[in-house]
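Worksheet: one structure, shown below.
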Amino acid sequence: MNLFENESGSFKENPDKSNQPLATRMRPVSLDEFVGQDHLVGEGKMLKRMIESGVIGSLIFYGPPSSGKTTLAYVISNEIDARFEVINAVLDGIKELRNVVAKAEHQKKVNGRKTILFVDEIHRWNKAQQDALLPHLESGIITLVGATTENPFYSLVNPLLSRCQLFELHPLTRDNVEVMIDRALEDEDRGLGYMEIEVSAKAKQYFAENAGGDVRNALNALEVAALSTAKDKEGIVQVTLEIAKESIQKRNVRYDRTGDEHYHYASAFIKSMRGSDVNAALYWMSAMLEGGEDPNFIFRRMLIFASEDVGIADPYALTVVNAAHESFLKTGMPEGFYFLSHAAIFLSLSAKSNSTKAIFETNSSIKEKGVKQVPEHLKDKTANKLASQYLDVENASEDYKYPHKFPNNWVDQQYLPDELEDSSWYKGGDVGREKKLWERLKVLRDKKDNS
């Protein structure tokens, strides 16, 4: 039996709610009560149609924490009148799975009732444990609803993915959280509707904004505020903005240094700098730091960015990032914020060029066609001299033109192998320092063409 189910295996409300937190009491029990994820359970959407038809196959819900994965699985069980079993992949394994399957087989024989198995954090199970689910899904003994905060295409085995439908859940919005706050204030049976309580608009907004999309966080803070605030002269509990701030101390940052959010935030940070949006770059960097990201990881990404995305447009960018990182290592936090900010702002404002990617195009050519012979006049001078002396051939090095002996230290000369003489991989940028460097080379080439 699990926390949602009573002894009969049904989902009737627990009559003793006095000791349950507000968030637990207000957990939606039907699709009508479920808030958010309109792209999945909105009118006419696939998952809602599946639920209404009662034809539910195995599902994988993936999305950030507190987006409603557990609640939605529970609601589905209620809607189709199925037994609801819960396994936590961190704590439970194949032994617990066998127990669930045995109970499910018994219930199916006794009353033909379906069993939905909810496996929380299913990505924590190894391949063997995930494979153990397969025969039971094939037989129809259980219907799986797996929940994961990780990208299922990376964290789940292909045989399991092929037997499940995938649905991505999005973070709950501030409006979603406010709906649940209003509902809790109005509900006399499960919520705080039995109290004379008034929550100011600013307080309600503060609860919703600082919950970080976590309804549980918002409702528990609301309950703390309601129960810890004395009634005024009229017998009404007045929850003000100041009380709300005391009740929900810290905004919940949705970030996991090892999960998808880690890569999403880093991607947003890089793309913001690439787009020269200073404010967005600082925002996403701050979000990573607030979530516990290692500042050295951020500096490594900025160092790569300095060469990949700023490149020759401003070669000084590498120096700036290196210097900022060294300064950070010498001072640490909180002063280190200055150096992180210094580097991020500089990179965001810098002229951009990705011409350094020419190395990858060059490398692809070598992998495809192999390395050609070095032109004779570019070969080692000593080797050419010895070959001339002992093999009675001309010294090819005498054909080499030393650029420093010519005007502007440049001379027209072939440097690529004969087969690749006209190849070009580098595409010069037209902004920043690179524009001046590239224009200088074009001027020299024009002189050659006109000579």
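Every number here is computed from the coordinates shown, using simple stated rules; none is lab data. Just so it is clear, the model here is predicted, and its values are computed rather than measured. Glycine also receives a Cβ, built like all others from the backbone with ideal geometry; neighbour counts cover every protein chain displayed.
DSSP loop trypsin sites (Lys or Arg not before Pro) in segment 256-316 with at most 14 other Cβ atoms within 10 Å of their Cβ, which ones? Those satisfying the criteria are ARG257.
Here is the list for segment 327-388: GluC sites (Glu not before Pro) lying in DSSP coil, each with at most 15 other C-beta atoms within 10 angstrom of its C-beta, are GLU335. Toward the positive end of the charge dipole of segment 304-427, with +1 on the Cβ of Lys and Arg and -1 on the Cβ of Asp and Glu, the farthest Cα among SER341, VAL411, PRO315 is that of SER341.
Think of each Lys and Arg Cβ as +1 and each Asp and Glu Cβ as -1; about the Cα centre, that makes the dipole of the chain roughly 760 debye. In terms of its C-alpha gyration tensor, segment 348-451 comes out oblate, because a/c is 1.5 or above while a/b does not outweigh b/c. Taking chymotrypsin sites (Phe, Trp or Tyr not before Pro) in DSSP loop states with no more than 12 other Cβ atoms inside 10 Å as exposed sites, the chain has its longest site-free stretch at 195-414.
The string of couplings for segment 350-359 from the Karplus curve (6.51, -1.76, 1.60, θ = phi - 60°) is 5, 4, 10, 7, 10, 5, 5, 5, 4, 4 Hz, one whole number per residue in order, with x for Gly and Pro. Net charge of the neighbourhood of GLY193, taken over other residues with C-beta under 11 Å away and scored Lys/Arg +1, Asp/Glu -1, is -4. For the chain, the 222 nm mean residue ellipticity estimated from helices alone, with every DSSP H stretch of n ≥ 4 adding -39500 (n - 2.57) and the total spread over all residues, rounds to -14500 deg cm²/dmol.
Charge tally for VAL119 (other residues, Cβ to Cβ under 12 Å; Lys, Arg +1; Asp, Glu -1): -3. With both residues required to sit in the chain, DSSP beta bridges show an antiparallel share near 5%. Note on segment 31-168: Kirkwood radius taken over Cα pairs, Stokes-Einstein applied at 4 °C and 1.567 mPa s, translational D equal to 86 µm² s⁻¹. Around the amide H of VAL237, modelled in the peptide plane, lie the amide H atoms of GLU196, ILE197, GLU198, ASP232, all under 5 Å away and 5 or more residues distant in sequence or on another chain. Looking at segment 119-224, the GluC sites (Glu not before Pro) that sit in a DSSP loop and have at most 13 other Cβ atoms within 10 Å of their own Cβ are GLU188, GLU196. Computed from backbone phi with θ = phi - 60° and the Karplus coefficients 6.51, -1.76 and 1.60, the 3J(HN,Hα) list for segment 160-172 is 6, 4, 5, 9, 10, 9, 9, 9, 8, 9, 9, x, 5 Hz; x is used for glycine and proline.
Hey, what's the per residue convex hull volume over the C-alpha atoms of segment 265-409, in cubic angstrom?
Details: hull volume 26.3 nm³, N = 145.
Given the Cα convex hull of segment 265-409, per-residue volume reads 182 Å³.
Along segment 423-434 the Karplus relation, 6.51 cos²θ - 1.76 cosθ + 1.60 evaluated at θ = phi - 60°, assigns HN-Hα couplings of 6, 8, 10, 7, 10, x, x, 10, 9, x, 4, 4 Hz to successive residues, with x for each Gly and Pro.
Rounded, prolate or oblate, given the Cα gyration tensor of segment 260-349, with a/c below 1.5 counting as rounded? Cα axes put segment 260-349 in the oblate bin. The separation of segment 76-136 from segment 298-365, counted between C-alpha centres, amounts to 49 Å. Note on the chain: the C-alpha convex hull projects to 34.8 nm² when averaged across all orientations.
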